[in-house]
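Novice: This structure is in structure tokens; I'll ask about it shortly.
The values are calculated or read from the model by the stated rules, or taken from the named source; none is laboratory data. This is a predicted model, so every value here is computed, not measured. No Cβ is skipped: glycine too gets one built from the backbone with ideal geometry, and neighbour counts run over all protein chains shown. For the accessible areas, the whole protein counts, side chains as well, though only heavy atoms, and no ligand, DNA or RNA atoms are used. Shrake-Rupley method; radii C 1.70, N 1.55, O 1.52, S 1.80 Å.
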Amino acid sequence: MATVIAIDLSVSMLRDIKIKDTKESFTLLQLATHGVNVLLDYLAIHSKLEFVAVVTFSSTCDVLCSFTRDYDLIKAKITQLEFRTNTCYPPVIQTINYLVHSEWSNSVTCQVIMITDGNCYEGLRKPDMTPFLFPGKLIVVPLDQVSSLYKNNYDSNKLPNGLGYISSPELPLTPSSVAKAFEKIAKETYVPYSAMLRCGHLKSDVHLIPPPMSYTKAADFEIMTCCISSELNIIGFIESSKVECPATLSRHLVLPQRILDESSETNEASAKTPSFCVLLHGALKVENMIAVCQLSSNWYGLLVSWADNKKKSNLMLIILEPGTNAIPWLGDIRNLTLSPTELCKSDVDEIQPTKTPDKRSYNQSQLVWIKEAGLQADIQKILRQARKMPDKIPSFYKELNRIRKAAIAYSFNDLLTSIADLLDIECSNLPSGTHPDCALQLSHAAMELRKPLAMDPKLTITPMITKYAQHDLM
């Protein structure tokens, strides 16, 4: 669902390639532009939801066009490229990592297609090459008449550290051979994932966009690899409020599968056939429910109605982590399914999940920030107590340490700096009649939060000892 195209603008891409038996000649950059246009034309027909970004590189790397679905805009921009200096590959990886992280996140799958000269066989195998921080692969298309000389020095076209592979067009280089290379890449990379969505006797053929990837996890004594089945079985429904926001591996749009047939009668019949996928989407949206589906053995997902705005919504599959305890506050997902013997009992209407006889204590000091409102309320509590100092000095530091330790546990390091900035602003806005100890304590707390030792969970920030007593200047 996201693709980055990296185009080499080094001087070597200025080399002319003469077409045999003709008077035509093309530069390597012109061939690269032609290949990108072929790829964009394929996406416009077969994968319209794909976001595409373009970066150009030589000794440095620049973002030519950020992620967009306007393929005509990309075609217009790549016709105005200018040559630069020599080729350097490490800045490309760094720029693409930053671009994907800023636009999406490091959990989103992204394909990278790099168009460069034949030096990639050697340049991409240097020790300073770092891998991508997101799941995906690098496909390198070398445009050079002598690329086979580099290729013969290596055993395969695979790049080290699982970075990707090199896909060379057929020689001699011509616009048609470059077009065939990009068509091959498009057909191999942008293949829709087809599956059967089933709930009892109801079923529907669907596409998952982007295609889900297999999940690999290193256990204590083995490496566990899980693959999603081609059949998604809905095992039950649950209220959205009970699920909230569990940890997820990926999210995918679920679209009904179109029947491509040359017969017009077949197309008209398929258009009139009701789709279970559409029915499920409407039901989940109206009832505010979530469908729990089984992806494979001990692997589950959630089907939800997701809306990016008030007018448009889509059916989305949320893939959870493998295991039956993917949503800890619901317990084992298998226990949420009522067996036939349970239906005969009198407590059928008991709210699920079934309460255990164990009595648990909920008097805990841990903070849970599932929504923004919870975090905002905790910060406002600190600011309210700050305004009431020196009477609330113990309470102020107690709450400050609670939030600091929670932020460290969640790796929310930026929160400490943000709270320090808020305390400085609060200190500068204090009224003229405020106790002097209030300003001193706020400045002290802000300074302590900015220290490197503030990231130590064992450290406790203590009040600043001042010469003022609480009854002074009151």
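Novice: Sorting E82, E188, E321 by accessible area (1.4 Å probe), largest first, what list results?
Specialist: So, going from the largest accessible area down, we get E82, E188, E321.
Novice: For the residue pair T462 and D414, what label-to-label distance in nm results when each label sits 7 Å from Cα along the Cα-to-beta-carbon direction?
Specialist: If labels sit at T462 and D414, their model points lie 3.4 nm apart.
Novice: Report the FRET efficiency, 1/(1 + (r/R0)^6), for L367 and Y165, where r is their Cβ-Cβ distance and R0 is 35 Å, rounded to 0.05.
Specialist: 0.15
Novice: When all alpha-carbon pairs of region 393-474 are counted, what percent fall beyond 17 Å?
Specialist: Taking all Cα-Cα pairs of region 393-474, the fraction more than 17 Å apart is 47 percent.
Novice: Moving on to the next point. For K23 and T79, FRET efficiency with R0 = 22 Å and r from the beta-carbon atoms, rounded to 0.05?
Specialist: The formula returns an efficiency of 0.45 here.
Novice: Right, another one. Estimate the FRET efficiency between D378 and K158 by the formula 1/(1 + (r/R0)^6), using the beta-carbon distance for r and 56 Å for R0, to the nearest 0.05.
Specialist: Once the sixth-power term is evaluated, E becomes 0.70.
Novice: What nm distance separates the two modelled labels at L253 and K388, each placed 7 Å from Cα along Cα→Cβ?
Specialist: About 5.1 nm, to one decimal.
Novice: Follow-up. Full extension from T225 to L453: what is 0.36 nm times the residue separation minus their Cα-Cα distance, to one decimal in nm?
Specialist: So the chain would gain 78.1 nm between T225 and L453.
Novice: For region 67-73, take each phi angle, set θ = phi - 60°, evaluate the Karplus expression 6.51 cos²θ - 1.76 cosθ + 1.60, and give the result in whole Hz per residue in order, putting x for glycine and proline.
Specialist: 4, 7, 9, 7, 5, 5, 5
Novice: While we're on this one: So what J values fall out for region 414-421 if you push phi through Karplus, 6.51 cos²θ - 1.76 cosθ + 1.60 with θ = phi - 60°, rounded to Hz, Gly and Pro as x?
Specialist: Computed from phi, the couplings for region 414-421 are 5, 5, 5, 5, 5, 5, 4, 5 Hz.
Novice: Same structure, new question: Within the set of other residues whose C-beta is less than 12 Å from the C-beta of L367, count the net charge using Lys and Arg as +1 and Asp and Glu as -1.
Specialist: +2
Novice: Can you sort H444, H101, H34, H201 by solvent-accessible area, 1.4 Å probe, largest first?
Specialist: Per-residue accessible area, sorted high to low, gives H201, H101, H34, H444.
Novice: Same structure, new question: Once you've got the Cα coordinates, tell me which of K312/K405; K77/K312; K137/K405; K285/K371 are over 32 Å apart.
Specialist: From the list (K312/K405; K77/K312; K137/K405; K285/K371), the Cα-Cα distance tops 32 Å for K312/K405; K137/K405.
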